[in-house]
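The values are calculated or read from the model by the stated rules, or taken from the named source; none is laboratory data. The structure displayed is predicted, hence computed values, not measured ones. Neighbour counts are summed over all protein chains in view; Cβ atoms, including those assigned to glycine, are modelled from backbone coordinates with ideal geometry. Just the protein is used for accessible areas: all its heavy atoms, side chains included, with ligands, DNA and RNA removed. Shrake-Rupley method; radii C 1.70, N 1.55, O 1.52, S 1.80 Å.
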Amino acid sequence: MKQIVIDRRALHRIPELDRELDRTLVYLRGALKGLRCRLFAPIPNSLCAYFDNGCGRAIAFRSGCDALPVHERSFLPFSSEIPGQMHSCGHDGHMAMLLELARRMEGVRTDRDVLLIFQPAEETTGGARDICKSGVFEKLNVEAIFGLHLWPDLPLGTIASRENEMMSRSCEVRVEIAGRSVSVARSGEGRDALRAGFEFYRRALEAEAAWPPELHRLMHFGRLESGCQCNVVSDRTHMEGTLRAFQDDVFFGILRALDRAAEEISSESGCHIRIETSMGYPAVMNPPELYRAVRAAGVRFEELEQPVMVTEDFSWYQRHLPGLFFLLGIGPCPPLQADDFNFDERALDVGADFLEQIALRFQAQA
């Protein structure tokens, strides 16, 4: 069995959440021990492997390390040993590919130093932002960073990316509407929270649709609760939805439109409307200059036709220094985050080969 598969399966057995990565970090340190890289932790519960080629400038590669609070039901011989925790988003594969890249960097000298980042809290609080704040990129003069994600919607072994819009910004939107309950026979004395909720929903969709069609975004509400009886005016409506977009002016423009709608409907209906949003990560936006430089260096990958409406904290790196993000196809398999998620491990070699291409070819020519 190849070492990259051994690594993936060993890491799959010990999934850990958020920043509690003790067993994971022990494994990673053990796998990297003896290589010519310097190991250090720029923030707690992280690990970096730095290959110093004496260049004075570097490029970086990143992998997430944390798992999800999912009880595994894949029945694989290397299933999670920790109840209620699972690598159901593929970070076990991401780490295995970065470990393989480390082994390949052992015997070569490149035109740039190479920094490998094993990052906590990608699934939760955005460990990437803390890595950026640590100053490691400035200290090592890192010029660019690269990352990839296993992707079931692409054929096995396909690597794809695109300029500019890659993965969306998002936030959860919760709406609470308080009215006044009366019998429908006296509805004029009430304040109908259900009607106010439907009006808010309509105007929210209008606010999203008002932007030009070429700007990728979505506004969707997936939950609505209101009222308790068919013949009583509802005094409470609860709505939950999500907003996703790429450009900040679109994202925050829609949020401002929601606030205006809430004020207007409150005035019209007499209901009180409160909106809460939980901000996620910024959008992953691939800089065209770096994208074209990687292609010019002879690194081969496909053009992704449409961006994807999911989030990734790799975006924090891109707000700090140039960075490119890619998707690695794993073909038909259970969806990401599913309790039976698994993938064809042949994709691991493809991913490691791709990262090595960037490390060698891009450094020599960019």
- [ ] Counting only DSSP beta bridges with both residues in the chain, tell me the antiparallel percent, nearest 5.
- [x] 65
Open item on the list: At 0.890 mPa s and 25 °C, plugging the Kirkwood radius over alpha-carbon pairs of the range 264-327 into Stokes-Einstein gives what diffusion coefficient in µm²/s?
Closed with: 162
TODO: For the range 178-199 and the range 248-322, compute the distance between their C-alpha centroids and round to whole Å.
DONE: 36
Open item on the list: Explain nothing, just the number: relative contact order of the chain, from Cα pairs under 8 Å at least 6 residues apart, as a whole percent.
Closed with: 23
Task: Charge sum, other residues only, whose C-beta stays under 12 Å from residue 208's C-beta, Lys/Arg counted +1 and Asp/Glu -1 - done: +3
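Roughly how many percent of the accessible protein surface of the chain is carbon and sulfur, given a 1.4 Å probe and a whole-percent answer? Numbers along the way, then the final one.
Values: 7770 of 15860 Å².
Answer for the chain: carbon and sulfur cover 49 percent of the accessible area.
Can you give the Rg/Rh ratio of the chain, where Rg is from the C-alpha atoms and Rh is the Kirkwood radius? Intermediate values should be presented prior to the final figure.
Details: Rg = 23.8 Å, Rh = 22.4 Å.
My calculation puts Rg/Rh at 1.06.
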Open item on the list: How large is the direction-averaged shadow of the alpha-carbon convex hull of the range 39-191, in nm²?
Closed with: 16.6
Open item on the list: Output the 0 to 90 degree angle, nearest 10, between the alpha-carbon long axis of helix 22-32 and the longest principal axis computed from the alpha carbons of the chain.
Closed with: 30
Task: Whole-number accessible area per residue in Å² for the range 21-177, which is evaluated in the context of all protein chains at 1.4 Å - done: 35
TODO: Treating the angle as unsigned and between 0 and 90°, give the value, to the nearest 10°, between the Cα long axis of helix 193-209 and the longest Cα principal axis of the chain.
DONE: 50
- [ ] Work out from phi, with θ = phi - 60° and the Karplus expression 6.51 cos²θ - 1.76 cosθ + 1.60, the ³J(HN,Hα) of each residue of the range 76-82, listed in order in whole Hz, and give x for Gly and Pro.
- [x] 6, x, 10, 4, 4, 8, 10
Task: Rounded to whole Hz, the Karplus (6.51, -1.76, 1.60) HN-Hα couplings of the range 45-56, x for glycine and proline - done: 6, 10, 8, 10, 10, 10, 9, 8, 9, x, 8, x
Task: Overall dimensions of the range 225-291 by Cα: Rg and Dmax, Å - done: 17.5, 62
TODO: Compute the acute angle (0 to 90°) between the alpha-carbon long axis of helix 3-13 and the principal axis of greatest extent of the alpha-carbon atoms of the chain; round to the nearest 10°.
DONE: 40
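Set the Förster distance to 25 Å, then compute FRET efficiency between residue 215 and residue 174 from the Cβ-Cβ distance, nearest 0.05. Before the final figure, lay out the partial values.
On the way: r = 25 Å, r/R0 = 0.98.
The formula returns an efficiency of 0.55 here.
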Task: Residues whose placed amide H lies under 5 Å from that of residue 281, excluding near-sequence neighbours - done: 170
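What does the helix-only formula give at 222 nm for the chain: each DSSP H stretch with n ≥ 4 adding -39500 (n - 2.57), the total divided by the residues, and the result rounded to the nearest 500 deg cm²/dmol? Write down the numbers at each step before the final one.
Values: 10 runs with 113 residues, N = 366.
My calculation for the chain gives -9500 deg cm²/dmol from helical runs alone.
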TODO: Percent of Cα-Cα pairs per 5 Å bin, from 0 to the last occupied bin, for the range 1-120, please list those.
DONE: 2, 12, 22, 23, 18, 11, 7, 3, 2, 0
Open item on the list: Please list, ordered by chain and number, the residues whose modelled amide H lies under 5 Å from the amide H of residue 337; skip anything fewer than 5 residues away on the same chain.
Closed with: 89
TODO: Could you do me a favour and compute the accessible area per residue for the range 279-346, 1.4 Å probe, result in Å²?
DONE: 44
